[in-house]
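S.K.: Encoded as structure tokens, here's the structure I'll be asking about.
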């Protein structure tokens, strides 16, 4: 009888002393939600981001975790289905009880998730360039906005390549439409006639590019130099670049600069006829820095020599570093306290160059690379 009473008293004392630390959040691990398409048209891009997060989480656990707890990944597959993104986000927050989410690629997937995380006061790190014109205290935007990517790329066309006519080609959703709206007005303000700007949108997964590429070629029938600005996303890029090669279009004739293409999307293509076309992102695998060399070595050791790195991966690395630093400073995973610490982060080393945080946005340098 006495021994049972002592056991009860011991349990009560333990809960009073340590209960707030062990039981307050409902679990003894810190749960990281990973919300990326592993099937469907965007899997070609997003699967790599899931793998990136798993690698980062494993590396952090080898260092002892965070706040004395292990990080636990919770992976879901929204399957390139925009309403399903919202459902999976709700599942992560209400069923899995994650502390933070890293996910989405397209802006339409992010906008599908946004009402859910604002309703439930979740926290999302979004790793891809976006159209701007959005601000939420529940989202940290670790990809570039138009003034960090699209505008400088357009200036390069105008000032360095002497482009006089523009084909703005995009996948039919909010990021390409908003970005191209901004670019079209920017070009008009720079003196480019509206008649010299060709805008075209295609659905996700589009594969027949012959007519559109023909229209781009026809735009330059008067001899003026044409340049393509591409906001094409996902596996539609494969068909687009194959059609460019089949049509014999060289970068010297009609250059293409892409905002959503890196080594991963091009890894399955024969690029010998695509040399000289451009990609404009804030990070490429070929970036020269000690941190990048270390990251690439770690990635290839984990995933194999054939796997490449890309810009949204760097954005996830930056977002993850920010989250770890903020939680350590806050001493808790409480969203509000973590957000306060996140917004105190001013400058730190990305994989390639210094980055800073301003109003829930990460500010980067821009880089251009040619397809080899």
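The values are calculated or read from the model by the stated rules, or taken from the named source; none is laboratory data. This one's a predicted model, so the numbers in the text were calculated from it and none came from an experiment. Cβ atoms come from the backbone with ideal geometry, glycine included; neighbour counts cover every protein chain shown.
S.K.: Give the residues of region 155-197 that are over 21 Å from residue 131 (Cβ atoms) and touching a helix residue (DSSP H, G or I) at 6+ places or on another chain (Cβ under 7 Å), sorted by residue number.
M.R.: Selection gives 163, 164, 165.
S.K.: Out of the residues in region 335-352 meeting the condition of being surrounded by 15 or more Cβ atoms within 10 Å (Cβ to Cβ) and part of a helix (DSSP H, G or I), tell me which one is modelled with the lowest pLDDT.
M.R.: Of everything passing the filter in region 335-352, 335 is modelled with the lowest pLDDT.
S.K.: Now for a separate question. Select from region 213-226 the residues that are in contact with a strand residue (DSSP E or B) (Cβ under 6 Å, 6 or more places away or on another chain) and closer than 28 Å to residue 130 by Cβ and write down the one among them that is surrounded by the most Cβ atoms within 10 Å (Cβ to Cβ).
M.R.: Looking at the filtered set, the residue picked out is 216.
S.K.: Would you mind finding the one in 207, 230 that is touching a helix residue (DSSP H, G or I) at 6+ places or on another chain (Cβ under 9 Å) and part of a strand (DSSP E or B)?
M.R.: Result: 230 is the single residue among 207, 230 that is touching a helix residue (DSSP H, G or I) at 6+ places or on another chain (Cβ under 9 Å) and part of a strand (DSSP E or B).
S.K.: Something else about it: Scan region 19-33 and tell me whether some residue there is under 16 Å from the mean Cα position of the chain (by Cα) and modelled with pLDDT of 95 or more.
M.R.: Checking region 19-33: at least one residue is under 16 Å from the mean Cα position of the chain (by Cα) and modelled with pLDDT of 95 or more.
S.K.: Please go through (1) in contact (Cβ under 8 Å) with a residue 60 or more places away in the chain; (2) more than 10 Å from residue 35 (Cβ to Cβ); (3) part of a loop (DSSP other than H, G, I, E, B) for residue 55 and return the number of the only condition it doesn't satisfy.
M.R.: Every listed condition holds for residue 55 apart from (3).
S.K.: For the subset of region 90-109 comprising residues that are modelled with pLDDT under 95 and outside any loop (DSSP other than H, G, I, E, B), which member is surrounded by the fewest Cβ atoms within 10 Å (Cβ to Cβ)?
M.R.: That would be 108.
S.K.: Among the residues of region 312-334, write down those that are within 24 Å of residue 55 (Cβ to Cβ) and not in a helix (DSSP H, G or I).
M.R.: 333
Table: residues versus (1) closer than 20 Å to residue 53 by Cα; (2) surrounded by 16 or more Cβ atoms within 10 Å (Cβ to Cβ); (3) at pLDDT below 90.
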residue: 243; (1), (2), (3): no, yes, no
residue: 249; (1), (2), (3): no, yes, yes
residue: 256; (1), (2), (3): no, yes, no
residue: 263; (1), (2), (3): yes, yes, yes
residue: 271; (1), (2), (3): no, no, yes
residue: 286; (1), (2), (3): no, no, yes
residue: 289; (1), (2), (3): no, no, yes
residue: 306; (1), (2), (3): yes, no, yes
residue: 310; (1), (2), (3): yes, yes, yes
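S.K.: Give region 115-131 a look and list any residue that's under 26 Å from residue 151 (Cα atoms) and surrounded by fewer than 22 Cβ atoms within 10 Å (Cβ to Cβ), or say none.
M.R.: Once the filter is applied, which keeps residues that are under 26 Å from residue 151 (Cα atoms) and surrounded by fewer than 22 Cβ atoms within 10 Å (Cβ to Cβ), region 115-131 yields only 131.
S.K.: Turning to a different aspect of this structure: Have a look at 191, 122, 143, 162 and point out the one that is closer than 23 Å to residue 236 by Cβ and assigned to a loop (DSSP other than H, G, I, E, B).
M.R.: It is 143.
S.K.: I would also like to ask the following. Taking region 146-156, which residues are crowded, with 21+ Cβ neighbours inside 10 Å and either touching a residue at least 60 places away in the same chain (Cβ under 8 Å) or under 21 Å from residue 117 (Cα atoms) (or both)?
M.R.: Those that are crowded, with 21+ Cβ neighbours inside 10 Å and either touching a residue at least 60 places away in the same chain (Cβ under 8 Å) or under 21 Å from residue 117 (Cα atoms) (or both): 149, 150, 153, 154.
S.K.: Looking for whichever is in contact (Cβ under 8 Å) with a residue 60 or more places away in the chain, assigned by TED's automatic domain parsing to the domain that holds residue 200, over 15 Å from the mean Cα position of the chain (by Cα) and surrounded by fewer than 24 Cβ atoms within 10 Å (Cβ to Cβ) here; the options are 137, 164. Which one fits?
M.R.: 164
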